[in-house]
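A.B. asks: My structure is below; once you've seen it, I'll send some questions.
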Amino acid sequence: GHRCEAHQYLGFHCRHVFLTCCKGEESRAGNQDGWHTVRERPTLNSTPQPIKVQYVSFKTHYTVLFSGNSPCEQHCTSVGGRPQCSCFSGFSLMADGRSCEDINECLSTSACQLNERCMNTAGSYICQRPITCPPGYQISNDICEDINECVQQSHNCGFGFECVNTEGSFRCNPKPRCPVGFIHDVQGNCIDIDECGPSSQPCSLGFNCINTVGSYICRRKILCSRGYHASPDGSRCIDVDECQGSLHQCGEGQLCHNLPGSYRCDCQTGYQYDSFRRMCVDVNECWRYPGRLCAQTCENTPGSYECSCTSGFRLSGDGKNCEDVNECLASPCSQECANIYGSYQCYCRQGYYLREDGHTCEDIDECSQSIGHLCTYKCVNVPGSYQCACPEYGYTMSPNGRSCRDIDECATGAHNCSLAETCYNIQGGYRCLSLNCPPNYRKVSDTRCERISCPNYLECQNSPLRITYYYLSFQSNIVIPAQIFRIGPSPAYSGDNVIVSITQGNEENYFSTRKLNAYTGAVYLNRQVEGPRDFLINVEMKLWRQGTFTTFQAKIFVFITANSL
């Protein structure tokens, strides 16, 4: 429902595609000469706005279309069977006879009016009229806005006056005067004056100054005896709490008790005062009353003591005596248990041995007790002996009965790949691979497809000229980061430049690309992969050679297998 008007910042080719799609056949029918004009005008209102007018002209179709690479950059016509190049409006033909360069119309003094500013664009230019604002206003987004002189501190209101912003200016209002005993702060508010501050001493000696709201009072000083101090208003003497103010001299472990005008130091329960060290020390009840507090073990604690029993006994309900524990009731042994006074003993049946923990019985395992590895992959313990085993699929036991070797299913024919598929052997298995070329490509070898035709110049640059299949196999314990693939033109020429990227198959970011030099790129495996796992990644190489991009694609099958046996 909108008019076909291209945005002013679009380049020539984008404007051409935009208007061609927008107008279509209707555009061609309405403009037989094949030219269009795009004009942008500002909305009219009461406030002066910058005038932006852009004139862009171009052809809607070409006289001659060439397949493949066009010999001309913009416009090509056939003259006597040979191509002749020309440029669109706003461009001029360069010395090479095929390239076009933009004409800077702003170099001409007649491009815009005297009060307008010329801005060159691709294939055209823009004339802009400057905006002037009256005093007290400033330009913001092409609009004149009021300047708040009070916020910007650009006013000249003196002390005692308050700045009030108005449209296009400001005014200074006098601030209200403060009553006696108050003064203006920096914000102009009235605050109380502290007459009792250190800079002023309004009261004489022997009096204390007490500040009040708007004034002060002088009160005679009082003398208090030791252990007391004057109240904040100086009217009476109150007790000093030495215990709260850390004014006491009680030693470590002592408790301070406040008294009127003094304090007292006491020891906690379980402590006694050491007059030599002048501090409270713990009373060791186990030494003071040996054999009288506990039946077996007495343990001193800070301020008290605890009774405990040796292993195999538990403390009775009186907290003093000990009784035997029948450990076998808790089944501490994996097989046989015999309770003894203060302990127990575990026994194993025939064919088992008692582990060092004294509780667990286990079968004699030749796989774990032998010196070295009995089997390369897996050792299976059996009563009185052992057996070596291999993975269920992809491996077979060697004649020595210990090591496993990979089965090449592709060589032995033990695979189920069809005649149209290729068998590829990997560690512990195989993969059936088929190469199918996409439309517009033909198969030139078992691993390569080449493009048959190229409909237009843009598709020639974006679609791969050649698609090549690669098969890579690695073990999961490969050292990372690992360079697994390199790609580049062969042969390479001076001035070549490549761009290598992964376009598909790297959703989990296991892989990355890195440019080694101007004509070589590499694919890296960034982090460990727990095998087995298969990946198919599409690696695209864009080759810049002699002013043209050519695309090549590598489809890489990466097979991650388990660690070697």
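The values are calculated or read from the model by the stated rules, or taken from the named source; none is laboratory data. Since the model is a prediction, treat every value here as computed from it, not as a measurement. Glycine also receives a Cβ, built like all others from the backbone with ideal geometry; neighbour counts cover every protein chain displayed. Accessible surface areas use protein heavy atoms only, side chains included; no ligands, DNA or RNA. Shrake-Rupley method; radii C 1.70, N 1.55, O 1.52, S 1.80 Å.
A.B. asks: Residues that are hydroxyl-bearing (Ser, Thr, Tyr) and more than 30 Å from Asp282 (Cα to Cα): list the strands (runs of 3 or more DSSP E) wholly contained in the stretch 150-255 that include at least 1 such residues. Quick ask: steps written out before the conclusion?
C.D. replies: On the way: elements: 161-166, 169-174, 182-184, 190-192, 207-212, 215-220, 228-230, 237-239.
Fully inside the stretch 150-255 and qualifying: 161-166, 169-174, 207-212, 215-220, 228-230.
A.B. asks: Here's a check for you: in the stretch 257-289, which residue that is assigned to a loop (DSSP other than H, G, I, E, B) and among the hydroxyl-bearing types (Ser, Thr, Tyr) is nearest to Tyr228 (Cα to Cα)? Explain how you work it out, then say what you get.
C.D. replies: Applying the first criterion (assigned to a loop (DSSP other than H, G, I, E, B)) to the stretch 257-289 yields 260-261, 268-270, 275-278, 283-284, 289.
With among the hydroxyl-bearing types (Ser, Thr, Tyr) added as a condition, the list becomes 269, 275, 289.
Numbers: Thr269: 31, Ser275: 29, Tyr289: 46 Å.
The extreme case among them is Ser275.
A.B. asks: Okay, moving on. Which of (1) over 26 Å from Gly261 (Cα atoms); (2) at pLDDT below 80 does Ile191 not meet, given it meets every other one?
C.D. replies: Condition not satisfied by Ile191: (2).
A.B. asks: Identify the single condition in (1) of a type in the set (S, T, N, Q); (2) in a strand (DSSP E or B); (3) buried (at least 17 other Cβ atoms within 10 Å of the Cβ) that Gln483 does not satisfy, given that it satisfies every other one.
C.D. replies: The one condition Gln483 does not meet is (3).
A.B. asks: Let me ask something else. Identify all residues within the stretch 488-535 that are open to solvent by 60 Å² or more (accessible area, probe 1.4 Å) and of a type in the set (A, V, I, L, M, F, W, C); write none if there are none.
C.D. replies: Once the filter is applied, which keeps residues that are open to solvent by 60 Å² or more (accessible area, probe 1.4 Å) and of a type in the set (A, V, I, L, M, F, W, C), the stretch 488-535 yields Ile499, Leu516.
A.B. asks: Of all residues in the stretch 288-306, which are closer than 18 Å to Gln254 by Cβ and open to solvent by 40 Å² or more (accessible area, probe 1.4 Å)? Please lay out each step first, then the result.
C.D. replies: Residues of the stretch 288-306 closer than 18 Å to Gln254 by Cβ: 302-304.
The answer is Pro302, Ser304.
A.B. asks: Within the stretch 401-418, restricting attention to residues that are among the charged types (D, E, K, R) and open to solvent by 50 Å² or more (accessible area, probe 1.4 Å), which residue is nearest to the chain's Cα centre (by Cα)?
C.D. replies: Top of the filtered list is Asp406.
A.B. asks: So His359 fits all but one of (1) of a type outside the set (S, T, N, Q); (2) closer than 30 Å to Ala562 by Cβ; (3) part of a loop (DSSP other than H, G, I, E, B); (4) open to solvent by less than 80 Å² (accessible area, probe 1.4 Å); what number is the exception?
C.D. replies: It is condition (2) that His359 fails.
A.B. asks: Also: Which residue pairs have Cβ atoms closer than 6 Å, lie 6 or more positions apart in sequence or on different chains, and pair a first residue in the stretch 381-392 that is surrounded by 10 or more Cβ atoms within 10 Å (Cβ to Cβ) with a second residue that is among the basic types (Lys, Arg) and in a strand (DSSP E or B)?
C.D. replies: Going by the 6 Å Cβ cut-off, the qualifying pairs are Ala389/Lys378.
A.B. asks: Need the failing condition index for Ile217 against (1) of a type outside the set (Ser, Thr, Tyr); (2) touching a residue at least 12 places away in the same chain (Cβ under 8 Å); (3) surrounded by 14 or more Cβ atoms within 10 Å (Cβ to Cβ), just the number.
C.D. replies: Among (1) of a type outside the set (Ser, Thr, Tyr); (2) touching a residue at least 12 places away in the same chain (Cβ under 8 Å); (3) surrounded by 14 or more Cβ atoms within 10 Å (Cβ to Cβ), the lone unmet condition for Ile217 is (2).
A.B. asks: Here is a follow-up. Looking at the structure I just gave you, is Thr396 in contact with a Ser or Thr (Cβ under 9 Å, 6 or more places away or on another chain) and of a type in the set (Ser, Thr, Tyr)? Break it down stepwise before answering.
C.D. replies: Working: in contact with a Ser or Thr (Cβ under 9 Å, 6 or more places away or on another chain): no; of a type in the set (Ser, Thr, Tyr): yes.
When the stated conditions are applied, Thr396 does not pass them.
A.B. asks: Take the residues of the stretch 332-351 that are open to solvent by less than 60 Å² (accessible area, probe 1.4 Å) and assigned to a loop (DSSP other than H, G, I, E, B): which is nearest to Val283 (Cα to Cα)?
C.D. replies: For the stretch 332-351, the residue satisfying everything is Gly342.
A.B. asks: Determine, yes or no, whether Asn141 is modelled with pLDDT of 80 or more, open to solvent by 90 Å² or more (accessible area, probe 1.4 Å) and within 30 Å of Pro130 (Cβ to Cβ). Can you show your working first?
C.D. replies: Numbers: modelled with pLDDT of 80 or more: no; open to solvent by 90 Å² or more (accessible area, probe 1.4 Å): yes; within 30 Å of Pro130 (Cβ to Cβ): yes.
Judged against the criteria, Asn141 is not a match.
A.B. asks: Sticking with this structure for a sec: Please enumerate the residues belonging to the stretch 194-210 that are open to solvent by 60 Å² or more (accessible area, probe 1.4 Å) and within 60 Å of the chain's Cα centre (by Cα).
C.D. replies: Matches in the stretch 194-210: Asp194, Pro198, Ser199.
A.B. asks: Among the listed residues Glu285, Glu323, identify the single one that is charged (D, E, K, R), free of Cβ contacts under 8 Å to residues at least 24 places away in the same chain and open to solvent by 40 Å² or more (accessible area, probe 1.4 Å). Steps first, please.
C.D. replies: On the way: Glu285 fails: open to solvent by 40 Å² or more (accessible area, probe 1.4 Å).
Checking each option against the conditions leaves just Glu323.
A.B. asks: Out of all the residues in the stretch 419-437, is one or more of a type in the set (A, V, I, L, M), open to solvent by 30 Å² or more (accessible area, probe 1.4 Å) and part of a strand (DSSP E or B)?
C.D. replies: Looking for residues that are of a type in the set (A, V, I, L, M), open to solvent by 30 Å² or more (accessible area, probe 1.4 Å) and part of a strand (DSSP E or B), one finds none in the stretch 419-437, hence no.
A.B. asks: In addition: State all residues of the stretch 220-268 that are touching a residue at least 12 places away in the same chain (Cβ under 8 Å) and of a type in the set (Lys, Arg); if no residue qualifies, say none.
C.D. replies: Once the filter is applied, which keeps residues that are touching a residue at least 12 places away in the same chain (Cβ under 8 Å) and of a type in the set (Lys, Arg), the stretch 220-268 yields Arg220, Lys221, Arg226, Arg236.
A.B. asks: Scan the stretch 449-480 residue by residue and report those that are within 23 Å of Leu435 (Cβ to Cβ), touching a residue at least 60 places away in the same chain (Cβ under 8 Å), part of a strand (DSSP E or B) and not aromatic (Phe, Trp, Tyr).
C.D. replies: Pro464, Leu465, Arg466, Ile467, Thr468, Leu472, Ser473
A.B. asks: Here is a list: Arg292, Arg314. Which entry is of a type in the set (Lys, Arg), part of a loop (DSSP other than H, G, I, E, B) and either without any contact (Cβ under 8 Å) to a residue 12 or more places away in the chain or within 30 Å of Val382 (Cα to Cα) (or both)?
C.D. replies: Result of the check over Arg292, Arg314: Arg292.
A.B. asks: Which of the following residues is closer than 30 Å to Cys286 by Cβ, over 51 Å from the mean Cα position of the chain (by Cα) and of a type in the set (A, V, I, L, M): Leu329, Leu354, Leu315? Quick ask: steps written out before the conclusion?
C.D. replies: Numbers: Leu329 fails: closer than 30 Å to Cys286 by Cβ; Leu354 fails: closer than 30 Å to Cys286 by Cβ.
Only one candidate qualifies: Leu315.
A.B. asks: What number of residues in the stretch 536-565 are farther than 19 Å from Thr513 by Cα and either open to solvent by less than 10 Å² (accessible area, probe 1.4 Å) or out of contact with any helix residue (DSSP H, G or I) (no Cβ under 9 Å at 6 or more places or on another chain) (or both)?
C.D. replies: Count: 8.
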